[in-house]
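The values are calculated or read from the model by the stated rules, or taken from the named source; none is laboratory data. All figures in this text were calculated on a predicted structure; none of them were measured in a lab. Cβ placement follows ideal geometry from the backbone for every residue including glycine, while neighbour counts extend to all protein chains displayed. Ligands, DNA and RNA are stripped out before the accessible areas are found, and what is left, the full protein with its side chains, is counted by its heavy atoms. Shrake-Rupley method; radii C 1.70, N 1.55, O 1.52, S 1.80 Å.
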Protein chains: 2
Amino acid sequence: MVDAFETRETHRCHGGTLGFHAHRSAATGTEMRVGVYLPPQAEQGRVPALYYLAGLTCTEETFLIKAGAIRHAAALGLALIAPDTSPRGAGIPGEGDDWDFGLGAGFYLDATEEPWARHYRMYSYVTDELPALIETSFPVVSGQRGLFGHSMGGHGALTIALKQPERWRSVSALAPIANPVAVPWGEKAFSRYLGADRETWASYDASLLMRQRAYPGKILVDQGLEDKFLEPQLHPEALEAAAVASGQQLLLRRHAGYDHSYWFIQSVIEDHLRWHATGSL
Amino acid sequence: MVDAFETRETHRCHGGTLGFHAHRSAATGTEMRVGVYLPPQAEQGRVPALYYLAGLTCTEETFLIKAGAIRHAAALGLALIAPDTSPRGAGIPGEGDDWDFGLGAGFYLDATEEPWARHYRMYSYVTDELPALIETSFPVVSGQRGLFGHSMGGHGALTIALKQPERWRSVSALAPIANPVAVPWGEKAFSRYLGADRETWASYDASLLMRQRAYPGKILVDQGLEDKFLEPQLHPEALEAAAVASGQQLLLRRHAGYDHSYWFIQSVIEDHLRWHATGSL
């Protein structure tokens, strides 16, 4: 660890080291928190890093506690990087009032509207600031970044990789908000973070982005069919249609019986880590 | 599910079904809550059940969320039964004041002192009432019960199996409170639940019980060496000495670098499930 991060706690886990760290973020103007798992292989040299973007209400801890990913990261030699889902401590009036907007709901975009524009800049944070800090402070390989996420974080992973594919070697998503401009979660967040002009929303919509330009690699998406958010909020069929339109290679798997929870995520997590580590299932 | 349990939620997980249930307990005179994972094999017939007793402050959810056990239970065909760590809702004045006594800290004994004697009867609950209800309501094999636990729950697993070995086919423990009569956690709980007479405490102390009579099978115990509770509260060396005295077969493994947390538990959980499923590592 170099100076950028203040380490709050560390734990030995599956032969590697899990740490929870905090740092001052230039992008958000607040403290940001991030969980980092370094597999045993990182004690011998630099390892590839896989970034996970979590969903609404989650923190930097949620994925690492609930997804069962660490044992696979240890076996495959992947570092796991799990940032928080929004700035905290900005002190914006009302930012804690809603579970699907504000705190815990940064939507991985750079807000342009007041009072959010100064602090709610998770796109810049995740794409620029965080990888630079991680690659300076931890034994991870530069430029071999994988990216995935769940729900709001699946939206984040897909849009970030589609907008700047050169920065992300692999991408996958779990129950992503695949077409946010067309669903209540996206409409609420985008109208407040980005303003009333829906033209500006398109640059943060995975289905609209994918329709314009394919990501240069196959994308894995898993979706449970008993997910109560599937019909009102997620719309994987929009992503599927966009993939057909642009020629995107997409492996969209639908899973009977599974819901939106981390019980679903842990059931398919090994496939995602293998996908990022090896390029196939 | 038959009438005994009210199912609060269910989730598909690793091809099986995880449920959180509640029921009225005759043993505790309160509602009790329990998590039950049924592996895919339980859809074809009855499967062996492995009971997990959690530590201080935990609930019926903690182990199932944090231990990474479900994937192994699914692979091995084990049901997981995870009860809460105390009665809740008894309404005893002061029962929520301490994190290491009262709520979340039932210590898997039958209290004899007032005001605890009516409700704090986790020994009877775990040994008699719960297995009977589980075996009536879920597709698990009668009499093929495994038992393990962590910290306070490791104490519970060891003492319960040593006192009634005919009821438990296999036993293991993670960082157990191995000699509670000699440490602050045990002294505090036993003096209040059982009274000042230390003679009565001996029947709930794993090291004292093991010294009298060995459990008819090898016991697996894992302990992290960076566990901050090791020296003040856990004392695995007392268990080791008791095993020598009675001829108990004991595999006590000490793990450099690991602490008391579920990050440690998840690192060794596969071995424990394999131990209970197959009788060896």
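Please list, short to long, the whole-number percent of alpha-carbon pairs of segment B:127-279 in consecutive 10 angstrom bins beginning at zero.
11, 40, 35, 12, 0
Over chain B, with a Gaussian network built from C-alpha contacts below 10 Å, which listed residue (B:Gln266, B:Gln44, B:Gln144) shows the highest mean-square fluctuation?
Looking only at B:Gln266, B:Gln44, B:Gln144, the biggest GNM fluctuation is shown by B:Gln44.
At most 13 other Cβ atoms within 10 Å and a DSSP loop assignment: could you name the chymotrypsin sites (Phe, Trp or Tyr not before Pro) in segment B:26-111 that fit?
Passing both the DSSP loop test and the Cβ count: B:Trp99.
Listed here are the pairs A:Lys163/A:Lys218; A:Lys188/A:Lys228; A:Lys188/B:Lys66; which of them are more than 21 Å apart at the Cα? Each step should come with its number before you reach the end.
Values: A:Lys163/A:Lys218 15 Å; A:Lys188/A:Lys228 19 Å; A:Lys188/B:Lys66 33 Å.
Those over the limit are A:Lys188/B:Lys66.
Report, for B:Gln164, each distance to the same residue's label point in the other copies, shortest first and in nm; define the point 7 Å along Cα→Cβ.
Counterpart label points of B:Gln164 in the remaining copies fall at 6.1 nm.
At q = 0.06, 0.07, 0.11, 0.12 Å⁻¹, work out log10 I(q)/I(0) for the protein assembly as shown with the Debye formula, treating every Cα as an identical point scatterer and leaving solvent out; two decimals please.
-0.33, -0.44, -1.01, -1.14
Between B:Ala202 and B:Glu113, what is the label-point separation in nm under the 7 Å Cα-to-beta-carbon projection?
The modelled label-to-label distance comes out at 2.0 nm.
If you rotate chain B onto chain A, whose Cβ in B ends up lying nearest the axis, and how many Å away is it?
B:Gly68, 2
On a C-alpha basis, how far is the centre of segment B:114-174 from the centre of segment A:192-240 in Å? Whole number, if you could?
Cα centres, segment B:114-174 to segment A:192-240: 48 Å.
Could you tell me whether segment A:32-81 comes out rounded, prolate or oblate from its Cα gyration tensor? Rule is a ≥ b ≥ c as square roots of the eigenvalues, rounded for a/c under 1.5, then prolate if a/b exceeds b/c, otherwise oblate.
Working: a/c = 2.71, a/b = 1.85, b/c = 1.46.
Note, shape of segment A:32-81 comes out prolate.
Points 7 angstrom from Cα along the Cβ direction at B:Trp99 and A:Thr10: gap in nanometres?
That separation, rounded to one decimal, is 2.3 nm.
What is the mean projected area of the alpha carbon convex hull for chain B, to one decimal in square nanometres?
13.1
For chain B, with a Gaussian network of springs between Cα atoms less than 10 Å apart, report the residue from B:Val34, B:Val126, B:Val183 with the top mean-square fluctuation.
In the Gaussian network model the winner is B:Val183.
Once you list every other residue whose beta carbon is under 9 Å from the beta carbon of B:Gly29, what net charge do they have if Lys and Arg are +1 and Asp and Glu are -1? Don't skip to the end; give the middle numbers.
On the way: positive: B:Arg24, B:Arg118, B:Arg121; negative: none.
Here the charged neighbours net out to +3.
Which of the chymotrypsin sites (Phe, Trp or Tyr not before Pro) found in segment A:181-281 are loop residues per DSSP with 14 or fewer other Cβ atoms within 10 Å of their Cβ?
Listed in order of number, the matching sites amount to none.
In terms of modelled amide H atoms, which long-range or inter-chain residues lie less than 5 Å from the amide H of B:Leu251?
Residues meeting the amide H criterion: B:Ile219, B:Leu220, B:Val221.
Mind listing the label-point distances from B:Pro115 to the same position on all other copies, shortest first, one decimal in nm, points 7 Å along Cα→Cβ?
Result for B:Pro115, in nm, nearest copy first: 4.5.
Between copies, how close do the B:Thr10 label points come, placed 7 Å along Cα→Cβ, listed in nm from shortest?
4.5
Please compute how much accessible surface disappears when B pairs with A, both sides summed, using a 1.4 Å probe, and round it to the nearest 100 Å².
Chain pair B/A: roughly 1900 Å² of buried accessible area.
Of B:Ser124, B:Ser137, B:Ser172, which has the largest mean-square fluctuation in a 10 Å C-alpha GNM of chain B?
Comparing B:Ser124, B:Ser137, B:Ser172 in a Gaussian network model of chain B, the most mobile one is B:Ser137.
Along the Cα→Cβ direction, 7 angstrom out, place labels at B:Ile92 and A:Arg24. What is the inter-label distance in nm?
In this crude label model, B:Ile92 to A:Arg24 measures out at 5.1 nm.
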